[in-house]
Amino acid sequence: DAGYKIFLSDSDYTYKSGTYYVLEVVTKLSASGGARTVKIGKKL
(Lines give C-alpha, C1' and ligand atoms only; values in the text may rest on other atoms or scores of the structure.)
Protein backbone atom coordinates (compact mmCIF):
# COMPACT_ATOMS: atom_id res chain seq x y z
CA ASP A 1 0.00 0.00 0.00
CA ALA A 2 1.10 3.54 -0.66
CA GLY A 3 2.74 5.19 2.33
CA TYR A 4 4.66 2.12 3.44
CA LYS A 5 8.43 1.88 3.32
CA ILE A 6 10.59 -1.00 2.11
CA PHE A 7 14.24 -1.96 2.44
CA LEU A 8 16.14 -2.94 -0.72
CA SER A 9 19.54 -4.61 -0.76
CA ASP A 10 21.64 -4.67 -3.95
CA SER A 11 25.07 -6.30 -3.78
CA ASP A 12 26.01 -5.12 -7.31
CA TYR A 13 25.04 -1.47 -6.78
CA THR A 14 25.49 -0.88 -3.06
CA TYR A 15 24.64 2.83 -3.36
CA LYS A 16 21.08 1.76 -4.25
CA SER A 17 20.63 -0.25 -1.04
CA GLY A 18 18.46 1.41 1.56
CA THR A 19 14.93 2.31 2.62
CA TYR A 20 12.47 3.67 0.05
CA TYR A 21 8.90 5.02 0.05
CA VAL A 22 6.24 2.83 -1.58
CA LEU A 23 4.22 4.94 -4.02
CA GLU A 24 1.92 2.30 -5.48
CA VAL A 25 1.15 -1.42 -5.24
CA VAL A 26 -0.61 -3.17 -8.14
CA THR A 27 -1.87 -6.73 -7.63
CA LYS A 28 -2.80 -8.88 -10.63
CA LEU A 29 -4.51 -12.25 -10.31
CA SER A 30 -4.94 -14.94 -12.96
CA ALA A 31 -5.72 -18.64 -13.14
CA SER A 32 -1.98 -19.40 -12.88
CA GLY A 33 -1.42 -17.27 -9.78
CA GLY A 34 -0.83 -13.71 -8.71
CA ALA A 35 1.79 -11.01 -9.04
CA ARG A 36 2.39 -7.85 -7.06
CA THR A 37 4.21 -4.88 -8.60
CA VAL A 38 5.59 -2.27 -6.21
CA LYS A 39 6.43 1.23 -7.46
CA ILE A 40 9.12 2.79 -5.28
CA GLY A 41 9.75 6.46 -4.69
CA LYS A 42 12.56 8.46 -3.15
CA LYS A 43 15.19 6.95 -0.90
CA LEU A 44 14.75 7.86 2.76
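Among the numbered conditions (1) part of a strand (DSSP E or B); (2) modelled with pLDDT under 95, tell me where Ala35 comes up short.
Condition (2) is where Ala35 drops out.
Pull out all pairs, ordered by first then second residue, where Cβ-Cβ is under 9 Å, the residues are six or more apart or on different chains, the first lies in the range 1-28 and is over 9 Å from Ile40 (Cα atoms), and the second is surrounded by 12 or more Cβ atoms within 10 Å (Cβ to Cβ) and polar (S, T, N, Q).
Phe7/Ser17; Leu8/Ser17; Ser9/Ser17; Asp10/Ser17; Ser11/Ser17
Report yes if some residue within the range 11-22 is at pLDDT 95 or above, in a loop (DSSP other than H, G, I, E, B) and surrounded by 12 or more Cβ atoms within 10 Å (Cβ to Cβ); otherwise report no.
Scanning the range 11-22, I find at least one residue that is at pLDDT 95 or above, in a loop (DSSP other than H, G, I, E, B) and surrounded by 12 or more Cβ atoms within 10 Å (Cβ to Cβ), so the answer is yes.
Being in a strand (DSSP E or B) and of a type in the set (Ser, Thr, Tyr) is the filter; apply it to the range 23-32 and report the residue that is surrounded by the most Cβ atoms within 10 Å (Cβ to Cβ). Please lay out each step first, then the result.
Of the residues in the range 23-32, the ones in a strand (DSSP E or B) are 23-30.
Now narrow it down to the ones that are of a type in the set (Ser, Thr, Tyr): 27, 30.
Working: Thr27: 9, Ser30: 7.
Across the range 23-32, the extreme among qualifying residues is Thr27.
The values are calculated or read from the model by the stated rules, or taken from the named source; none is laboratory data. Just so it is clear, the model here is predicted, and its values are computed rather than measured. For neighbour counting, all protein chains shown are included, and Cβ atoms are generated from backbone atoms with ideal geometry for every residue, glycine included.
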